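Asker: Shown below is the structure under consideration.
The values are calculated or read from the model by the stated rules, or taken from the named source; none is laboratory data. Small disclaimer: the values here were computed from a predicted structure and weren't measured. Positions of Cβ are backbone-derived with ideal geometry, glycine not excepted, and every protein chain shown enters the neighbour counts. Heavy atoms of the whole protein, side chains included, go into the accessibility calculation; ligands, DNA and RNA do not. Shrake-Rupley method; radii C 1.70, N 1.55, O 1.52, S 1.80 Å.
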Amino acid sequence: MKKKLVGVLLTAAMAVSALAGCGSKQAAAPAESKAAEEKTETVQEATEEAEAAEGEEVLTVWCWDPNFNVYAMKQAEALYQKEHPNFKLDIQEKVYTDIEQSLITAAEAGNFDTLPDIFLMQDYSFHKDVANYPEIFTELTDSGIDFSQFSGGKLADSTVDGKHYGIPFDNGATIMAIRSDMVEKAGLTVEDFKDTTWSEFMELAKKVVDANGVPMLTSSGGSEIVIEMLQSAGTSPMQDGEVKLVDNAALKKAIEVYKQLIEEGIMVDYTDWDQYIASMNKGEAAGVIQGCWIMSSIQAAEDQSGEWAIVNMPALDEIDGATNYANCGGASWAVSSNCKNTELAFDFLNATFGSSVELYDELLPNAGVIASYLPAAASDAYGEASEFYGGQAVYKDIVEFAGKVPGIDYGAYYSDIRSALTDAITNVVQNGADVEAEIQNAQDTVEFNISE
């Protein structure tokens, strides 16, 4: 940059020298005088631009979804620029599959020059990628960010061997969204569904099913809700780096609960995502248990405004330490090993996503971003009543849910574990297979896949 500035100034000096030489013998013609002035102005503008560029602080960012993640980064940039006017972001929109492939390609080639300073990563990919490609990341443990202020359940996804590699962004806290009108038709209240166990929930749900002629819950993805049950109990499917599905009391209980929900008509599970969403929007189910990001799909049925409420999920019976809280999905910001100015990246992320309630207050109404940053729950924006959810301060409640989620470790094998459990659940429900035998099969499958 300094060489560029010197070049501009040298060009300016040469231009001025040439003009002075022409004017030493006779006055310049009007056209020549005007041209000289324009050249001088151009040189001055170029010099000013070069001087401005000399003080620029630029970070490159990769992320997806222009209305959510990209928008959030632009607002973070604007906030940081209030105190750092020379700061700029070069935000490059990329779908997540392209981001992950670019990371892997760089790691396998041993050339990280193509990577950005900051990138967004799906939470469930952190353990896998840190284990396989640790050289991609810059560790954030000593970045100055107070990680204790974030949801522990979500933070666990980007924490490997006690070291932080991601700054939690969007909130994936699990909610149970239920139709208050259908619940009331059964002679019940929304309050009845708060802080229940699964056995208590099922007794209530049967009344709702009988009164409305539709399942209490709709679901999709098979093992997803089982994994949420597992997390709510604080039980990891990996222990000390080894697969722990067999002799896992919480997992066995979760699959038994899932089986009962399906067999008794309390829950329906769709393999087609569009049918799953339609079941909510068309009133073909009285509720859903899912990450809080499902709210945007629920709210697509504007005619149901005021007829929904949100409570926490049921807790597993007879499992020590079981809670009513889990997390499903989400993403976090990471700093790459190619970042040339980690001090700037750390300061930017700390001042924005790492500590700014002001930023999260702006993102909530304008992008639907619910914070994983726990202090946000105390703000006026999060305390506002939602008309769609019957006047409930749902966002405040969700952040508080997030703060109670147990952190568990999937290791680097989340996808393998989920796939094996989906097969197990399918065999139990559709083919009447033995629960313990299917858990053993799942254990064997995961161990085989990760040994290759």
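Asker: Test of understanding: among Asn350, Asn427, Asn341, which residue is more than 28 Å from Asp195 (Cβ to Cβ) and free of Cβ contacts under 8 Å to residues at least 24 places away in the same chain?
Answerer: Criteria check complete, one pass: Asn427.
Asker: While we're on this one: For residues that are outside any helix (DSSP H, G or I) and either open to solvent by less than 10 Å² (accessible area, probe 1.4 Å) or small (Gly, Ala, Ser) (or both), tally how many sit in the range 251-266.
Answerer: Adding up the residues that qualify gives 2.
Asker: It is to be established whether one or more residues within the range 359-367 are assigned to a loop (DSSP other than H, G, I, E, B), on the phi < 0 side of the Ramachandran plot and of a type outside the set (Lys, Arg).
Answerer: Scanning the range 359-367 turns up no residue that is assigned to a loop (DSSP other than H, G, I, E, B), on the phi < 0 side of the Ramachandran plot and of a type outside the set (Lys, Arg).
Asker: Of all residues in the range 375-390 being touching a residue at least 24 places away in the same chain (Cβ under 8 Å) and hydrophobic (A, V, I, L, M, F, W, C), which is surrounded by the most Cβ atoms within 10 Å (Cβ to Cβ)?
Answerer: Taking the candidates together, the pick is Ala377.
Asker: Among the residues of the range 294-326, which ones are over 20 Å from the mean Cα position of the chain (by Cα) and farther than 21 Å from Ser232 by Cβ?
Answerer: Selection gives Ala300, Ala301, Glu302, Asp303, Gln304, Ser305, Gly306, Glu307, Trp308.
Asker: Mind checking whether some residue in the range 327-340 is over 13 Å from Met229 (Cα atoms), of a type in the set (S, T, N, Q), open to solvent by less than 10 Å² (accessible area, probe 1.4 Å) and under 23 Å from the mean Cα position of the chain (by Cα)?
Answerer: Yes: one or more hits.
Asker: Only residues that are open to solvent by less than 60 Å² (accessible area, probe 1.4 Å) and more than 16 Å from Ser199 (Cα to Cα): list them for the range 239-250, please.
Answerer: Once the filter is applied, which keeps residues that are open to solvent by less than 60 Å² (accessible area, probe 1.4 Å) and more than 16 Å from Ser199 (Cα to Cα), the range 239-250 yields Val243, Leu245, Val246, Asn248.
Asker: Here is a follow-up. If you go through the range 342-373 one residue at a time, how many are surrounded by fewer than 17 Cβ atoms within 10 Å (Cβ to Cβ) and closer than 16 Å to Glu139 by Cβ?
Answerer: Of the residues in the range 342-373, 2 are surrounded by fewer than 17 Cβ atoms within 10 Å (Cβ to Cβ) and closer than 16 Å to Glu139 by Cβ.
Asker: Taking Lys404 as the residue in question, decide whether it is part of a helix (DSSP H, G or I) and of a type outside the set (Ser, Thr, Tyr).
Answerer: Considered against the rule, which asks whether it is part of a helix (DSSP H, G or I) and of a type outside the set (Ser, Thr, Tyr), Lys404 comes out as no.
Asker: For the range 111-122, which residues satisfy the criterion of being open to solvent by 40 Å² or more (accessible area, probe 1.4 Å) and touching a residue at least 24 places away in the same chain (Cβ under 8 Å)?
Answerer: Matches in the range 111-122: Phe112, Asp113, Thr114, Gln122.
Asker: Does the range 432-446 contain at least one residue that is open to solvent by 40 Å² or more (accessible area, probe 1.4 Å), within 23 Å of Asp195 (Cα to Cα) and among the small types (Gly, Ala, Ser)?
Answerer: Within the range 432-446, none of the residues are open to solvent by 40 Å² or more (accessible area, probe 1.4 Å), within 23 Å of Asp195 (Cα to Cα) and among the small types (Gly, Ala, Ser).
Asker: So, in the range 175-215, of the ones that are out of contact with any strand residue (DSSP E or B) (no Cβ under 6 Å at 6 or more places or on another chain) and hydroxyl-bearing (Ser, Thr, Tyr), which residue ends up nearest to Asn324 (Cα to Cα)?
Answerer: Filtering first and then ranking leaves Thr196.
Asker: Filter the range 305-324 down to the residues that are open to solvent by less than 10 Å² (accessible area, probe 1.4 Å) and not in a strand (DSSP E or B), then identify the one that is farthest from Ala385 (Cα to Cα).
Answerer: Leu316
Asker: Filter the range 82-122 for residues that are assigned to a loop (DSSP other than H, G, I, E, B) and either touching a strand residue (DSSP E or B) at 6+ places or on another chain (Cβ under 6 Å) or not charged (D, E, K, R) (or both) and give the result.
Answerer: Of everything in the range 82-122, those that are assigned to a loop (DSSP other than H, G, I, E, B) and either touching a strand residue (DSSP E or B) at 6+ places or on another chain (Cβ under 6 Å) or not charged (D, E, K, R) (or both) turn out to be His84, Pro85, Asn86, Lys94, Val95, Gly110, Asn111, Phe112, Thr114, Leu115, Pro116, Asp117.
Asker: Further question on the same structure: In the range 391-428, which residue that is among the hydrophobic types (A, V, I, L, M, F, W, C) and touching a strand residue (DSSP E or B) at 6+ places or on another chain (Cβ under 8 Å) is surrounded by the most Cβ atoms within 10 Å (Cβ to Cβ)?
Answerer: Ala402
Asker: Would you confirm whether any residue within the range 175-182 is touching a Cys at 6+ places or on another chain (Cβ under 6 Å) and closer than 22 Å to Ser386 by Cβ?
Answerer: Yes, some residue in the range 175-182 is touching a Cys at 6+ places or on another chain (Cβ under 6 Å) and closer than 22 Å to Ser386 by Cβ.
Asker: Something else about it: Since Lys163 meets every condition but one in (1) out of contact with any Asp or Glu (no Cβ under 8 Å at 6 or more places or on another chain); (2) at pLDDT 95 or above, which condition does it not meet?
Answerer: In the conditions (1) out of contact with any Asp or Glu (no Cβ under 8 Å at 6 or more places or on another chain); (2) at pLDDT 95 or above, Lys163 misses (1) alone.
Asker: Being open to solvent by 10 Å² or more (accessible area, probe 1.4 Å), in a helix (DSSP H, G or I) and of a type in the set (S, T, N, Q) is the filter here, so list the residues in the range 268-303 that pass it.
Answerer: The answer is Gln275, Asn281, Ser296, Ser297.
Asker: Would you mind listing the helices (runs of 4 or more DSSP H) fully within the range 123-222 where at least 2 residues are open to solvent by 30 Å² or more (accessible area, probe 1.4 Å)?
Answerer: Those helices (runs of 4 or more DSSP H) span 126-132, 180-185, 198-212.
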